[in-house]
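Below is one structure; the comments refer to it alone.
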Amino acid sequence: MTHPLALRMHGVALHFPARREPLRSFKEWAIARLRGRPDSGVFWALKGVDLELGQGDTLGVVGRNGAGKSTLLRLAAGIIPPSRGEVHIWGSVAPVIELSAGFDRELTGRENVLFNGSLLGMSRRQMLAKMDEIVAFAQLEEVIDAPLRTYSSGMLARLAFAVATSVRADTVLLDEVLAVGDQFFRSRCHARIAEMCAQGTTLVLVSHDLATIANLCRRAVWLDEGRIVAAGSTAEVLAAYRGSATPTQACS
Amino acid sequence: MAAPVAPRVVRAGQRPTLGRECAEVWTRWELLVNLVVRDLTVRYKRSLLGFLWSFLHPLIFMVVLTLVFGTLFAQRTPNYSAYLLSAYLAFQYFLQTTTKAMASMAWNGPLLKRIYVPASIFPLSVAISGLVNLYLSFLPMFLVMAVLGVPFSWSLLFLPVGGLLLFGFVLGCSFGLCSLAVYFDDVRLMYEAGIYSVMYLTPIFYPLEIVPEKFRPIIFANPLYYYCELIRQPVFSGQLPPGHTILVAVIWAVVMLMVGWQVLRRMSPGFFRHL
């Protein structure tokens, strides 16, 4: 028996300290205290977001830089707690947010696959079973036993994508990760995502590449300054979003 | 894709409970093992002798310490090297683990922001790998003992138990310190300066007897004194540590675990703002 929803956000808001640097030393903290405004000024990255996502839905998230898209994904993954509201998550979630965060440069590619798998909650045995497929997808057969510090950035990105998407979670969250590698690798990434969606994986995709969103997502939301300004079918939302650009932005 | 009916709920102001944190760590036991193994081996990945350094490092240090301090205090304390080495290993475990626990939060900051991992898994992995290192360093210590003719006794079998009690204390301290260090860099810097003062306030290099009677309460107020004794007594005097020493060590371990965990659970929901 499964729940019809994959994700529900209710009145979700999140703040950060507004100062450029968070207080890192006692001295700064004491000075801020003495001035009587210890927490003066907060920046609300999200200002009350309501969102429901059914099992198997594909949702695109668009918006300008700083609109709160990545923050939304982190909340959806349960990585950070909201300042207000609540997030309900059904089933397993694989956040593919910054691909190489879990990599260790001194370990070999193979060791990193196992290590990263354990970060994503996979057992060693499960990862070993997937190893050949991962290495083949990343096209790293020849260097997989070399330490990661010898890899190029493109190789790293390919390996990270292959590992992250080999873990079949109920919900996959992708943050601008389809822009890695050359065009051939990219098209294989797209094919893999489309295949996962066809199998019923719930997808949330953050991207500035509107064509990708139009391709992969049935629904979309447009986020601006921490609020959802449009939600609905991908075509409607993208049209509204495109229409919002000022003439100069539209030119570029 | 069969998702369970019960959702995971993340609410504003929610703090991890002990039960949930343990469950989250438990389901990631393979990650914990990987973190420990990585901690133990990556250091030596690029070196020729590799893991052998785990034994060589304490061995070299012990030989030097024995030569230097052995001449200094040899008349007062027989088997001085055994006296020194045992307590030194215990203190090193505490010092290195707490320091590394604070650094581990900085290293793993990017990870904590990009994937859900229970924050306690990092100090826990550091404390476990430190314990493994402590156990391993008993071997070169036995070697030094054998060379110097220090008698071996059955009470040495107590060493793993002493190490385990120390583990509890170290883990509790690490929980608290690493949480504070995420918020304030000063904690790490102050700690690094302060801990060396504590080292000299602990009878590691000198015999307790040279401390004047009126200053002894300072020593007895220092929890590390008891953990050093746990490791020292079986090695140095060939006897089990006295019951009250064990009792004090157990109490300190339990208290620090409770305090450290409370600090961690209160501070960890805000870690992402500071990492």
*Antiparallel as a % of all DSSP beta bridges within the protein assembly as shown, to the nearest 5?*
60 percent
*Describe numerically, in nm with one decimal, the distance between label points set 7 Å from Cα along Cα→Cβ at B:Ala6 and at A:Ala179.*
4.1 nm
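Using the number of other C-beta atoms within 10 angstrom as an exposure proxy, rank A:Lys69, A:Lys27 with the fewest first.
So the residues, fewest neighbours to most, are A:Lys27, A:Lys69.
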_Neighbouring partner chain Cβ atoms per residue of A:85-92, average, 10 Å criterion_ = 5
*What whole-number value in cubic angstrom gives the convex hull volume per residue for the C-alpha atoms of segment A:108-167?*
66 Å³
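Can you put A:Asp175, A:Asp145, A:Asp209 in order of Cβ neighbours within 10 angstrom, beginning with the fewest?
A:Asp145, A:Asp209, A:Asp175
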*Using only helices, what value at 222 nm comes out for chain A when you add -39,500 (n - 2.57) per DSSP H run of length 4 or more and divide by the total residues, to the nearest 500 deg cm²/dmol?*
-11500 deg cm²/dmol
_Additional length obtainable on full extension of the chain from B:Phe220 to B:Arg43, 0.36 nm per residue less Cα span_ = 60.1 nm
*asked:* Between B:Met190 and B:Thr71, what is 0.36 nm times their sequence separation minus the Cα-Cα distance? Round to one decimal in nm.
replied: 39.5 nm
*How high is the relative contact order of segment A:108-167, given as a whole-number percent (alpha carbon pairs under 8 Å, six or more residues apart)?*
46 percent
*For chain A, count the residues as N, evaluate 2.2 N^0.38 Å, and divide the Cα radius of gyration by that value, please.*
1.11
*So what is the 222 nm mean residue ellipticity for chain B from helices alone, if each DSSP H run of at least 4 adds -39500 (n - 2.57) and you divide by all residues, rounding to the nearest 500 deg cm²/dmol?*
-23500 deg cm²/dmol
*Pop out the Kirkwood hydrodynamic radius of the protein assembly as shown from its pairwise C-alpha distances, inverse of mean 1/r, in Å to one decimal.*
26.0 Å
*To the nearest 10 degrees, how steeply does helix B:29-41 sit against the main Cα axis of chain B, on a 0 to 90 scale?*
40 degrees
*Please average, across the residues of A:102-115, the number of beta carbons from any other chain that are within 10 Å of each residue's own beta carbon, and give a whole number.*
3
*Order of B:Thr245, B:Thr17 - criterion: other Cβ atoms within 10 Å of each residue's Cβ, fewest first*: B:Thr17, B:Thr245
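Read the figures in this text as sums done on the coordinates, not as results from a lab. Everything numeric in this text was worked out from a predicted model, so none of it was measured. Positions of Cβ are generated from backbone atoms using ideal geometry, with glycine treated the same way; all protein chains shown enter the neighbour counts.
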